[in-house]
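Take a look at the structure set out below.
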């Protein structure tokens, strides 16, 4: 398996290339416009890989996505969970769907909470073992923290769930889906460090394990969903300034020129 | 460059370098294109080993960002780069210009019907010596542009193999451009050795 994490240090954002060196194909996960379409094209080429799909964990509110342009440039599908409320065409997938590329298997695990469509990607490499090796947790579970449930647009059709529902769902998702994965599974998040997308306990370390977060993630040490929601509210950072415009762009509601200056 | 400009330049002696990975190249490529796979780390080094710097070059890459970067890197290294194909394979085909497919050979088929091909090994000499497909002949990728005529005339198609596919596709594409019936062994010696098919050692 080829697994490469790209970090945009100013955004504290992480994106990924996951591919098979024998099949010479890969997926790009959560590409950021601040790095740019060409960045991912050239990185994939440097790794001798053809990009066969662009996956996103969710519709982001905290950075501008370039998934649409990257998929178009490569002539490949742009995948989102079937419930994603976007206005443009994408290729929907459902919970449990498996993307295979050579020896590498990427399974979609619907992990709602931060957003209703949020999906984590469980990755295994058959050339090593059928056991899952790592999971891309997006904005569901971070290293030391969890994704915030309050990046809402105030439009029920787009938000689907309010803050309280999101927090409760997030707690149950992490507990029942991510924390039931084997302890050895590595966690690779969509954000780290100072990112405004989580709370004050987010670590600058860019990966962790299920075991470590199960035992030492402070938000997940709370006894129940209500206490979790309270903890997340108390440890949240200030709301990022431009999240509504960024989310609107990523949903396809506004054009890129309407985004000017909207950086976090 | 437009597809028509590329075709005219080809007819005047320019070489199209296809920067894609070997499998998409094998599926479909510009008639006459040679497959030198892109990467930023050593594209220039490999080009310098294989091609004369005065040869006029046109770059084909998909997505097009690859063609732009490759053209810049090669031009900066002193190659005679004329430009890159705008619009890629899609534009080329829409202009009605000729494409070719390079047949591929699986190692299982090669092993079962070994006598059906003349096997050409595109690796470096030390790798060939260490172990190669029985009865294969060597045409190292570094020498292929100059020495392609050293591959004996044979009524059978030529199956070109290397460790993986990058060097074999380069050599196969050079042979194809010279009118030889070249085919690409996918998976290369890695797959051949994985399956424990027979090898010969020595100079061959």
Note: among A:22, A:7, just one is in contact (Cβ under 8 Å) with a residue 40 or more places away in the chain and out of contact with any strand residue (DSSP E or B) (no Cβ under 7 Å at 6 or more places or on another chain), namely A:22
Would you confirm whether or not the stretch A:127-148 contains a residue that is farther than 24 Å from residue A:206 by Cβ, away from chain B (no Cβ under 14 Å), at pLDDT 95 or above and surrounded by fewer than 18 Cβ atoms within 10 Å (Cβ to Cβ)? yes
Of the residues that make up the stretch B:157-170, is at least one closer than 18 Å to residue B:128 by Cβ, surrounded by fewer than 24 Cβ atoms within 10 Å (Cβ to Cβ), under 13 Å from the mean Cα position of the chain (by Cα) and within 13 Å of another protein chain (Cβ to nearest Cβ)? yes
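In the stretch B:55-75, which residues are more than 14 Å from every other protein chain (Cβ to nearest Cβ), touching a helix residue (DSSP H, G or I) at 6+ places or on another chain (Cβ under 8 Å) and surrounded by fewer than 22 Cβ atoms within 10 Å (Cβ to Cβ)? Let's see the steps before the verdict.
Residues of the stretch B:55-75 more than 14 Å from every other protein chain (Cβ to nearest Cβ): B:55-58, B:74-75.
Filter once more, keeping what is touching a helix residue (DSSP H, G or I) at 6+ places or on another chain (Cβ under 8 Å): B:56-58, B:74.
Within the stretch B:55-75, B:56 is the sole residue that qualifies.
Taking the options A:5, A:13, name whichever one is more than 11 Å from chain B (Cβ to nearest Cβ) and crowded, with 23+ Cβ neighbours inside 10 Å. Give the steps one after another, and end with the answer.
Working: A:5 fails: crowded, with 23+ Cβ neighbours inside 10 Å.
Only one candidate passes the filter, namely A:13.
Based on what the data block shows, is residue A:195 more than 18 Å from residue A:108 (Cβ to Cβ), in contact with a strand residue (DSSP E or B) (Cβ under 9 Å, 6 or more places away or on another chain) and in contact (Cβ under 8 Å) with a residue 40 or more places away in the chain? Talk me through it step by step, then tell me what you get.
Values: more than 18 Å from residue A:108 (Cβ to Cβ): yes; in contact with a strand residue (DSSP E or B) (Cβ under 9 Å, 6 or more places away or on another chain): yes; in contact (Cβ under 8 Å) with a residue 40 or more places away in the chain: yes.
So residue A:195 passes the test.
Taking the criterion of being in contact with a strand residue (DSSP E or B) (Cβ under 9 Å, 6 or more places away or on another chain), within 14 Å of another protein chain (Cβ to nearest Cβ) and in contact (Cβ under 8 Å) with a residue 12 or more places away in the chain, would at least one residue in the stretch A:54-64 satisfy it? Walk me through how you get there before you give the answer.
Just the residues of the stretch A:54-64 that are in contact with a strand residue (DSSP E or B) (Cβ under 9 Å, 6 or more places away or on another chain), to begin with: A:54-60, A:62-64.
Among the residues that remain, those that are also within 14 Å of another protein chain (Cβ to nearest Cβ) are: A:54.
Now restrict to residues that are in contact (Cβ under 8 Å) with a residue 12 or more places away in the chain: A:54.
Yes, because at least one residue in the stretch A:54-64 is in contact with a strand residue (DSSP E or B) (Cβ under 9 Å, 6 or more places away or on another chain), within 14 Å of another protein chain (Cβ to nearest Cβ) and in contact (Cβ under 8 Å) with a residue 12 or more places away in the chain.
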Answer from B:27, B:46 - the residue that is out of contact with any strand residue (DSSP E or B) (no Cβ under 8 Å at 6 or more places or on another chain), at pLDDT 95 or above and either surrounded by fewer than 15 Cβ atoms within 10 Å (Cβ to Cβ) or more than 14 Å from chain A (Cβ to nearest Cβ) (or both): B:27
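Test residue B:40 against the criterion of being closer than 19 Å to residue A:72 by Cα, touching a residue at least 12 places away in the same chain (Cβ under 8 Å), within 13 Å of chain A (Cβ to nearest Cβ) and not in a strand (DSSP E or B), and give yes or no. If you could, list the steps in order and put the result at the bottom.
Details: closer than 19 Å to residue A:72 by Cα: no; touching a residue at least 12 places away in the same chain (Cβ under 8 Å): yes; within 13 Å of chain A (Cβ to nearest Cβ): yes; not in a strand (DSSP E or B): yes.
The answer is no for residue B:40.
If you take the residues in the stretch B:6-22 that are part of a helix (DSSP H, G or I) and out of contact with any strand residue (DSSP E or B) (no Cβ under 7 Å at 6 or more places or on another chain), which one is nearest to the other protein chains (Cβ to nearest Cβ)? Spell out how you get there, then give the answer.
From the stretch B:6-22, those part of a helix (DSSP H, G or I) are B:6-11, B:22; that's our starting set.
Restricting the remaining residues to those that are out of contact with any strand residue (DSSP E or B) (no Cβ under 7 Å at 6 or more places or on another chain) gives B:7-8, B:11.
Working: B:7: 23, B:8: 27, B:11: 29 Å.
Result: B:7.
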Kindly indicate whether any position in the stretch A:135-144 is within 17 Å of residue A:112 (Cα to Cα) and in contact with a helix residue (DSSP H, G or I) (Cβ under 6 Å, 6 or more places away or on another chain). yes
Unmet requirement for residue A:113, which otherwise passes all of (1) within 14 Å of chain B (Cβ to nearest Cβ); (2) assigned to a loop (DSSP other than H, G, I, E, B); (3) more than 24 Å from residue A:259 (Cβ to Cβ); (4) within 19 Å of the chain's Cα centre (by Cα): (1)
Exactly one condition in (1) surrounded by 22 or more Cβ atoms within 10 Å (Cβ to Cβ); (2) in contact with a strand residue (DSSP E or B) (Cβ under 8 Å, 6 or more places away or on another chain) is not met by residue A:50; state its number. (1)
If you check residue A:196 against the conditions, is it farther than 30 Å from residue A:89 by Cα and surrounded by 14 or more Cβ atoms within 10 Å (Cβ to Cβ)? no
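The values are calculated or read from the model by the stated rules, or taken from the named source; none is laboratory data. Nothing here was measured: the structure is a model prediction, and the numbers come from that model. Cβ sites come from the backbone with ideal geometry, for glycine too, and all protein chains shown count toward neighbours.
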